[in-house]
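First the structure, in the form of structure tokens, and then the observations on it.
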Amino acid sequence: MAVTAAGSVADERALIEDARRGEDQAFGPLVEPYRPELHAHCYRLLGSVHDADDALQEALLRAWRGLPRFDGRRPIRPWLYKIATNVCLDLIARRPRRWLPVDYSPPGGGGPEQPLAVWVEPYPDQQLGLPDGYASPEARYEQREAVELAFIAALQHLPAQQRAVLILRDVLGFSAREAAGVLGTTPTSVHSALQRARQTIRARLPGQSQQEATRSLGDRRLRALAQRLTDALEAGQVEVIVAMLAEDATFAMPPHPQWRRGRDALSRSWFMPAGSPTGLYYLPARANGQLALGAYKLYLRQCCYLPVALDVLSWQGTRISAITAFRTPEVFPRFGLPDTLPLEPSQASRQAACIQWCRTSYVCEV
């Protein structure tokens with residue numbers, strides 16, 4: 001799972017020299033090709049897209065200030081990664097570890113004694129950027145695999161130094177010497193940390209990545225399964241939804257700590273829609289290299305659908321092995337999802353659903 005980027009060395013060196021001479025317009029074009037991959041790097045380390053925003057902003061500020069001391073004969077990419085990695089390590093030392101509910105508390109929640117947690121956040125595929133260096137299907141596959149939700153959650157169980165070593169070596173393809181240079185340590189220490197990190201990660205990752213699972217399904221079959229799930233959720237067809245779940249499927253809804261495991265438990269959980277029509281509407285999205293669904297709920301006073309959760313789906317064959325429903329509707333625009341779905345006269349099906357739901361709910365007069 002090693003990803004590298006390539007660019008014009010001559011053009012880059014020219015921009016470096018211009019930026020070092022104080023030409024303000026040179027720094028942006030110099031670092032812009034690396035912005036998406038640096039942001040994804042910060043996300044892997046921090047488990048939060050918002051923390052990654054802060055870290056990248058601070059890293060680029062440090063790079064701008066440090067550019068006069070940079071050796072322009074060397075490639076700038078490793079130097080930028082060194083700055084970004086150390087900014088993230090500083091943040092990790094000051095902020096609480098992030099979790100998914102399934103890693104944090106027993107099924108059903110941890111009770112009143114369980115301390116409040118900070119959760120892993122979803123990551124929009126479109127923010128990966130995938131510049132020219134990622135043009136091949138294999139590289140795109142690896143880049144998406146390296147932000148899968150299970151992988152990001154597993155990384156958060158590693159000590160900060162091991163986390164950084166694993167990402168630098170196994171995701172970015174840095175040599176032991178290069179990683180040691182980034183972290184200010186020795187290649188021997190990097191090798192030792194990498195072995196411990198790999199052992200921990202292997203114990204926490206599923207046997208098959210989501211990229212492998214979706215490739216085996218194929219795009220057409222995956223789209224059909226997603227449409228079947230969407231139709232069932234909107235229509236309140238609980239038996240169809242249950243039939244699509246793996247036997248040991250999990251459902252979690254951050255920021256709520258409660259979660260469920262097992263098809264039977266999920267069939268009786270708050271995840272299942274109640275009644276028909278349900279007043280729900282779903283739009284497809286991509287998060288963490290996985291299929292996701294943006295869930296909208298009908299609000300009659302506004303006569304529109306408003307976002308309620310981003311459901312990130314994990315697959316095991318043709319069945320769903322995990323649904324992580326992030327109750328953070330403010331992130332919808334990052335995933336290319338609208339922040340409202342208006343009911344217009346031309347949207348006959350939604351208008352009918354609105355009227356029917358309103359009548360059966362006894363909450364307003366139509």
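The values are calculated or read from the model by the stated rules, or taken from the named source; none is laboratory data. This structure is a prediction, so every number in the text was calculated from the model and none was measured. Neighbour counts are summed over all protein chains in view; Cβ atoms, including those assigned to glycine, are modelled from backbone coordinates with ideal geometry. Side chains are part of the model used for accessible areas, which takes the heavy atoms of the whole protein and leaves out ligands, DNA and RNA. Shrake-Rupley method; radii C 1.70, N 1.55, O 1.52, S 1.80 Å.
Numbers for the structure displayed
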item	result
Added length on full extension, which subtracts the Cα-Cα distance from 0.36 nm per residue, S192 to D170	6.5 nm
Percent carbon-and-sulfur accessible area, segment 150-297, ignoring ligands, DNA and RNA, probe 1.4 Å	48 percent
Stretchable slack from Q208 to D54, in nm (0.36 nm times residue separation minus alpha-carbon distance)	52.2 nm
Highest-first arrangement of 191-202, 151-162, where packing means the average Cβ count within 10 Å	151-162, 191-202
For segment 207-319, alpha-carbon Rg over 2.2 N^0.38 Å	1.07
Probe 1.4 Å, all protein chains present, accessible-area order of Y281, Y299, Y34, largest first	Y299, Y281, Y34
Heavy atoms of K82: accessible area, 1.4 Å probe, square angstrom to 10	90 Å²
Whether segment 234-283 is rounded, prolate or oblate, judged on the alpha carbon gyration tensor where a/c under 1.5 counts as rounded	oblate
